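I have placed the structure first, in the form of structure tokens, so that the comments after it can refer back to it.
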Amino acid sequence: MARYAMVTDLSRCVGCKACTAACNSEWDVPPGHARTRVLPTGAVGKFPDLRSAFYVAQCNHCDDAPCVKPCPSGATFQSDNGIVKVDRNLCIGCGFCVQACPYEARYLNPVNQKVDKCDFCASRLERGRQPACVTTCTGHAKYFGDLEDSSSQVYSLVYSHGARRLESDDVKVGPNVYYTGRRGEPELVAGMFPPREPKMPASGEWWSKVIKPLALTMVGATFAGQAIAFFTQLRKGEGQFDE
């Protein structure tokens, strides 16, 4: 099974935002929102030793995705290939997952009142195509591939050339978007845009810690009771047949 990841070479990113434009067009993202954002660090340091970079931000499809647990309807889930998706038919627009994301990569679509975010262009992958942001990157800064495929460029960049995850001491959730650069750009971006600790409203905490486990227990008990009743009736029927 493939395990997908993306690597962005920040030393090649020119901040043109072609990735944002391509993504917005591909997925009909409403004005004022984006699945992929390009954020400048600005000049950092003292003249003449100045540095700058662009942070290309999107859903990180984390190994331990904080957005999955608080979802009350099961709309947010993780596929076997690591891609975190949103089932719009199940999404109720509560926004718990939006607040839980350390990378602020989700938004509530004002048109349909459903949560939206990057899904690595999953439908394009099914057709054998690369994500839209990768194919349109003017600086050829974005790479996409399978971390289980040792022949892929993504595998090489992550395991042989030190592409790094954007994590902090407080937030370690296993993001699968990596960054590399020749002049310390990943470290600069990590210092300027650190992930925040996942947040959840009190109602979300109540749901995930109390109501959801209780509901699952009640459902389990219901099925267990039905099963016991079924087998009890079955045994009675067998006894009557034996007579």
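Results for (1) closer than 30 Å to residue 43 by Cα; (2) in a loop (DSSP other than H, G, I, E, B); (3) touching a helix residue (DSSP H, G or I) at 6+ places or on another chain (Cβ under 6 Å), shown as yes or no for each residue.
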| site | (1), (2), (3) |
| --- | --- |
| 70 | no, yes, yes |
| 77 | no, no, no |
| 135 | yes, no, no |
| 154 | yes, no, no |
| 173 | yes, yes, no |
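Being at pLDDT below 95, of a type outside the set (Asp, Glu), closer than 23 Å to residue 165 by Cα and under 20 Å from the mean Cα position of the chain (by Cα): is that true of residue 57 here? So residue 57 does not fit the description; no.
Checking each residue in the range 84-104 for being under 28 Å from residue 15 (Cβ atoms), assigned to a loop (DSSP other than H, G, I, E, B) and open to solvent by 10 Å² or more (accessible area, probe 1.4 Å) picks out 101, 103, 104.
What about residue 30, is it over 26 Å from residue 181 (Cβ atoms), in a loop (DSSP other than H, G, I, E, B), modelled with pLDDT under 95 and open to solvent by less than 60 Å² (accessible area, probe 1.4 Å)? It is false that residue 30 is over 26 Å from residue 181 (Cβ atoms), in a loop (DSSP other than H, G, I, E, B), modelled with pLDDT under 95 and open to solvent by less than 60 Å² (accessible area, probe 1.4 Å).
Candidates in the range 124-135 are the residues that are in contact with a Lys or Arg (Cβ under 9 Å, 6 or more places away or on another chain) and open to solvent by 30 Å² or more (accessible area, probe 1.4 Å); of these, the one that is nearest to residue 31 (Cα to Cα) is 135.
The values are calculated or read from the model by the stated rules, or taken from the named source; none is laboratory data. Predicted model, so just to flag it, every value in this text is computed and none were measured. Because the Cβ atoms are built from the backbone with ideal geometry, glycine has one as well, and the counts that use them run over all protein chains shown. When the accessible area is computed, the model is the full protein with side chains, heavy atoms only, and any ligands, DNA or RNA have been set aside. Shrake-Rupley method; radii C 1.70, N 1.55, O 1.52, S 1.80 Å.
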